[in-house]
Amino acid sequence: RMRSEAIAVYLDAVLKMLLDQPILLDANTTLESVSDIGEDDCLFAISFKRYSKETVQIQKYFKRKGAFCIALTDSNASPLAGTSDFLFQAEVRSVSFVDSYAAAVSVVNSIWTRITQRNPGKSQRKLEVLEELYKEVDVFY
């Protein structure tokens, strides 16, 4: 779960800069916050080998409610594949005993790049507002 969560946190951080109201479902999110899911919603589920049952069950719930389901996983044999409307695959195997998630991060980078290309004006405005906030709060040196 932790492997997938790191990728999800990164995706969430980027989406918060570009889109309206993305919600990261993690151990700190109550299910009540997503109980009104419907056809206008989209779930982006992330899970790799030793797949999280919780992630798979949440995707099944979203799918039953009519939400569009996207998954990032390592195989089309993943339990997420069967309920995904769109599936991204990223190899995580490595020659060492620790898997590499570089390909998964590259998929996330490609996604946010495409979002900014499809909505350049909105993306630019949101980033300008964020930059103004950074200056006003004096976040960076």
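List the pairs whose first member sits in segment 62-84 and is open to solvent by 30 Å² or more (accessible area, probe 1.4 Å), whose second member is of a type in the set (S, T, Y) and assigned to a strand (DSSP E or B), and whose Cβ atoms are under 9 Å apart, counting only residues at least 6 apart or on separate chains?
Listed pairs, sorted by first residue: P79/T73.
In segment 59-78, which residues are closer than 26 Å to A102 by Cβ, of a type outside the set (G, A, S) and outside any strand (DSSP E or B)?
Of everything in segment 59-78, those that are closer than 26 Å to A102 by Cβ, of a type outside the set (G, A, S) and outside any strand (DSSP E or B) turn out to be Q59, D74, N76.
Mind checking which residues of segment 16-35 are of a type outside the set (V, I, T), free of Cβ contacts under 8 Å to residues at least 12 places away in the same chain and closer than 19 Å to W112 by Cβ?
K16, D20, Q21, P22
Taking the criterion of being in contact with a helix residue (DSSP H, G or I) (Cβ under 6 Å, 6 or more places away or on another chain), more than 20 Å from L15 (Cβ to Cβ) and free of Cβ contacts under 8 Å to residues at least 24 places away in the same chain, would at least one residue in segment 98-118 satisfy it?
No; the residues of segment 98-118 include none that is in contact with a helix residue (DSSP H, G or I) (Cβ under 6 Å, 6 or more places away or on another chain), more than 20 Å from L15 (Cβ to Cβ) and free of Cβ contacts under 8 Å to residues at least 24 places away in the same chain.
Does D20 count as of a type in the set (D, E, K, R), open to solvent by 60 Å² or more (accessible area, probe 1.4 Å), at pLDDT 90 or above and not in a helix (DSSP H, G or I)?
Answer is no for this residue.
Could you please find all residues in segment 28-57 being surrounded by fewer than 10 Cβ atoms within 10 Å (Cβ to Cβ) and modelled with pLDDT of 90 or more?
Selection gives G38, E39, D40.
Looking at (1) touching a residue at least 12 places away in the same chain (Cβ under 8 Å); (2) open to solvent by 60 Å² or more (accessible area, probe 1.4 Å); (3) not small (G, A, S); (4) not in a loop (DSSP other than H, G, I, E, B), which is the one condition that is false for R125?
(1)
In segment 128-140, which residue that is part of a helix (DSSP H, G or I) and not acidic (D, E) is nearest to the chain's Cα centre (by Cα)?
Looking at the filtered set, the residue picked out is L130.
The values are calculated or read from the model by the stated rules, or taken from the named source; none is laboratory data. This one's a predicted model, so the numbers in the text were calculated from it and none came from an experiment. All Cβ positions, even for glycine, are placed from backbone atoms using ideal geometry, and neighbour counts span all protein chains on display. Ligands, DNA and RNA are excluded from the accessible area calculation, which covers all protein heavy atoms including side chains. Shrake-Rupley method; radii C 1.70, N 1.55, O 1.52, S 1.80 Å.
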